[in-house]
Every structure is written in structure tokens, then in C-alpha cells.
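Student: Quick one: the structure is below, questions incoming.
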Amino acid sequence: MGGNTLCKAERLCGKLRIEKLFAGGSRSFSIYPLRVVFMPMEKTEEALASILISVSKKRFKRAVKRNRIKRQVREAYRRNKHELLNFLDERTEGMAIAFIYLANEFVPTDEIERKIKIILARIIEKSV
């Protein structure tokens, strides 16, 4: 696992794992413009935390706009994930996290990054 990268193993994929995350037993909270759903899961050998980013097609009709928002969130997570990964490494468990974008308009990248920092700190706090 590279220092500041976001590899394929860190993406939440597989219908069963995604359904398990949203079925119940997970915890969630909102920090505008994002809603976060997270759940401890078995640690995979490649990644401690797997993420999923969702942007509503209803709010953003054009894929270009949805992809831009996903890119902003992914980049913010990539740059600030270290604290969460260190925490999970100590607890020897994995985590599945879904970021759901709630705003109806674009939010500046620096604001998203600020909110991601708060979100990751709160996930650590709620997981203790």
C-alpha cells in the first residue's frame, strides 16, 4: 500500500459488501455537503478501509459533473486518510465507508477537504 495513493483494493466493490453496509448495523452522520455511512468489516489483506462515493443522478444529470465531485471527494480522502488507517491498524479491523454527496451545487475543493478531515476524525471518535 503506497504512501499517498488510493489503490483498487481501497474501493468498496462487490454487491454483497455494499448491501451489508446499507442493510443495517452501520452507523451514519452528516456533515454538509456529505453524508457518511460506515461499518467495521473484516480486514482484507490489501486494504484497511474501503470507500464508496455516491453522487445523485437526480441532482447532477451530467456524468461529467458527478465525476468531478467524486474526484474531489476521492482526492480529499486520499490526502487525509492516514490517521484513520493508523487507528484501524492498531485495532486490527477493517472498515467500509460510503460518502454520499448531498449538496445541489458544486462545493469548493478546499471546503470538501476540510469536511473530510472532520468526518475522518469523527469516524475514529465513534469507533472507539
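The values are calculated or read from the model by the stated rules, or taken from the named source; none is laboratory data. Since we're looking at a predicted model, the values are computed, not measured. Methodologically, a virtual Cβ is constructed for each residue, glycine included, from the backbone with ideal geometry; neighbour enumeration extends over all protein chains shown.
Student: MET95 is checked against (1) among the aliphatic types (A, V, I, L, M); (2) under 15 Å from LEU34 (Cβ atoms); (3) under 12 Å from the mean Cα position of the chain (by Cα) and fails just one. What number does that condition carry?
Tutor: Tallying (1) among the aliphatic types (A, V, I, L, M); (2) under 15 Å from LEU34 (Cβ atoms); (3) under 12 Å from the mean Cα position of the chain (by Cα), MET95 fails exactly one: (2).
Student: Another question, then. Six or more apart or on different chains, Cβ atoms under 9 Å: show the pairs whose first residue is in region 3-24 and under 19 Å from ARG71 (Cα atoms) and whose second is hydroxyl-bearing (Ser, Thr, Tyr) and not in a helix (DSSP H, G or I).
Tutor: Between residues of region 3-24 that are under 19 Å from ARG71 (Cα atoms) and residues that are hydroxyl-bearing (Ser, Thr, Tyr) and not in a helix (DSSP H, G or I), the close pairs are ALA9/THR44; ALA9/SER50; GLU10/SER50; ARG11/SER50; LEU12/SER50; CYS13/SER50.
Student: Which one of the conditions (1) within 18 Å of ARG122 (Cα to Cα); (2) in a helix (DSSP H, G or I) does MET39 fail to meet, given that it meets all the rest?
Tutor: Every listed condition holds for MET39 apart from (2).
Student: Report yes if some residue within region 6-13 is surrounded by 16 or more Cβ atoms within 10 Å (Cβ to Cβ), outside any helix (DSSP H, G or I) and modelled with pLDDT of 95 or more; otherwise report no.
Tutor: No: zero hits.
Student: ILE100 versus (1) touching a strand residue (DSSP E or B) at 6+ places or on another chain (Cβ under 6 Å); (2) on the phi > 0 side of the Ramachandran plot: which is the lone unmet condition?
Tutor: For ILE100, the failing item is (2).
Student: Picking from GLU125, GLU113, GLU75, GLU93, which residue would you name as being of a type in the set (D, E, K, R) and free of Cβ contacts under 8 Å to residues at least 12 places away in the same chain?
Tutor: Result: GLU125 is the single residue among GLU125, GLU113, GLU75, GLU93 that is of a type in the set (D, E, K, R) and free of Cβ contacts under 8 Å to residues at least 12 places away in the same chain.
Student: Sticking with this structure for a sec: Check off (1) surrounded by fewer than 19 Cβ atoms within 10 Å (Cβ to Cβ); (2) assigned to a loop (DSSP other than H, G, I, E, B) for PHE60 and give me the number that stays unchecked.
Tutor: Result: PHE60 fails condition (1) only.
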